[in-house]
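Student: Pasting a structure below so you can have a look.
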Amino acid sequence: MKNSFFWIFALQQKKVDEDVIKLAKDQKIQKEQLYATIIQLQTQLHIKQELELDIQQLKGSLNVLKHLEHDEDAEVLKKTHPCHHDTMNGPIMHSGNPTLTSHTCELSSPQPQLEITIPPTKTKNQ
């Protein structure tokens, strides 16, 4: 009877040990799966942050280009169109008619006249 009691106890202990080993293996597998999921999510987050940074850099570059384009357009207009003025210096005059534009330029931006005076020459008789 004692032997059968020990035998039953040993059998139950063996079953409990097998269950613990099985639970440990399952827990290890779940831990590995969760670790893989964490790595995948960190990778996705890193990629997303890089893309957001790229987007912000592109937006900044676009804003710079817009400002440069605006400044370059203003410079081109100043160089090619004599009537173009800043808003601080005067109105900007544009017209589809080049003759009208040139007359408007003459009226809107008077240019100083060069005055040449020739001193009288002395002759031998004087």
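Student: If you check Gln30 against the conditions, is it part of a helix (DSSP H, G or I), surrounded by 10 or more Cβ atoms within 10 Å (Cβ to Cβ), free of Cβ contacts under 8 Å to residues at least 60 places away in the same chain and under 23 Å from the mean Cα position of the chain (by Cα)?
Tutor: So Gln30 fails the test.
Student: Further, regarding this structure: Mind telling me which of the residues Leu11, Leu45, Leu68, Leu62 ends up being modelled with pLDDT under 85 and open to solvent by less than 100 Å² (accessible area, probe 1.4 Å)?
Tutor: Leu68 is the lone residue from the list that is modelled with pLDDT under 85 and open to solvent by less than 100 Å² (accessible area, probe 1.4 Å).
The values are calculated or read from the model by the stated rules, or taken from the named source; none is laboratory data. Remember, it's a predicted structure, so these values are computed and weren't measured experimentally. Glycine also receives a Cβ, built like all others from the backbone with ideal geometry; neighbour counts cover every protein chain displayed. Ligands, DNA and RNA are stripped out before the accessible areas are found, and what is left, the full protein with its side chains, is counted by its heavy atoms. Shrake-Rupley method; radii C 1.70, N 1.55, O 1.52, S 1.80 Å.
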